[in-house]
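Here is the structure we will look at, set down as structure tokens.
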Amino acid sequence: MDLNNRFLPECVTDLIEELAKLPTVGKKSAQRLAFHLLRQDDEKIDKLAGAILGIKDGVHFCEECFNLTTERVCKICDNPSRNHKTVCVVEDVLDLIALESTMEFNGVYHVLHGALSPLDNVGPDDLKLHELFNRLESKDEADKVEELILANNTNTEGEATALYIHEHLKGNGLNITRIASGMPVGGDLDYADSLTLKRALKGRGEF
Ligand SMILES: [Zn+2]
């Protein structure tokens, strides 16, 4: 127990400690969240606790794209009005959510659950890469995937992963594209790193 919290009941310090383990939540935020929760009525606490317990109950990966689902396939894969011939490769489910919120994409996804990173001992077998390659091969002619959009992050690991996929699949007739990325809105050219600028130039469109 933290010395500063020694005058608090153990259940409160336990809560603070558990909250502080969450990504982007530091000790201070954990304390603020804990005291916010202490002020809530039982019904709200039950709802939150129920929602947390609920994610352990039947949530698993979609058999097609590895998005989260409680069914065999996710809502996107199950939707016949989506274009199943265009598959967008993303690193994680948060990227899928970000792309969905643009409402610009009507294809389906493939979630890799990470990026290649030799320094962190993350190799091809640690990602859903074989599943991607199998998925592209096993389709019968009528619903064969025609375009693969590589929406991996534009950092070093994301670029390496996109390159790996491209190397593995090039020459098999599949149209492979990489999302254009570039300058953030309001971004100064002088502050952009060279990779960002290079991709901004390459991905330029008609004005
Ligand atoms: Zn799916």
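Val73 fulfils the conditions (1) within 16 Å of the ligand (Cβ to nearest atom); (2) of a type in the set (Val, Ile, Thr); (3) under 28 Å from Leu195 (Cβ atoms) except for a single criterion, (3).
Checking the structure you have, find out if any residue of segment 24-43 is at pLDDT below 90, within 30 Å of Tyr109 (Cβ to Cβ) and under 20 Å from the mean Cα position of the chain (by Cα). For segment 24-43, residues at pLDDT below 90, within 30 Å of Tyr109 (Cβ to Cβ) and under 20 Å from the mean Cα position of the chain (by Cα): absent. I'm checking my understanding of the structure. Among residues of segment 76-91 that are in a loop (DSSP other than H, G, I, E, B) and crowded, with 18+ Cβ neighbours inside 10 Å, which one is farthest from the ligand (Cβ to nearest atom)? Selected residue: Glu91.
The lone criterion from (1) over 16 Å from the mean Cα position of the chain (by Cα); (2) at pLDDT below 95 left unmet by Glu131 is number (2). None of Asp126, Asp57 is surrounded by fewer than 11 Cβ atoms within 10 Å (Cβ to Cβ) and acidic (Asp, Glu) except Asp57.
Annotation note: of Ala115, Ala98, the sole residue that is under 17 Å from Arg178 (Cβ atoms) and surrounded by 14 or more Cβ atoms within 10 Å (Cβ to Cβ) is Ala115. Scanning segment 61-70 for residues that are under 12 Å from the mean Cα position of the chain (by Cα) and more than 8 Å from the ligand (Cβ to nearest atom) yields one hit, Leu68. The requirement of being more than 15 Å from the ligand (Cβ to nearest atom) and in a helix (DSSP H, G or I) is satisfied by Leu94. Selection over segment 135-160 of residues that are touching a strand residue (DSSP E or B) at 6+ places or on another chain (Cβ under 8 Å) and closer than 20 Å to Glu64 by Cα gives a count of 12. Evaluate the following for Lys128: is it within 14 Å of the ligand (Cβ to nearest atom) and either touching a residue at least 60 places away in the same chain (Cβ under 8 Å) or on the phi < 0 side of the Ramachandran plot (or both)? Here the answer is yes, as Lys128 does meet what is asked.
The values are calculated or read from the model by the stated rules, or taken from the named source; none is laboratory data. Fair warning: this is a prediction, and the values are worked out from it, not measured in the lab. For neighbour counting, all protein chains shown are included, and Cβ atoms are generated from backbone atoms with ideal geometry for every residue, glycine included.
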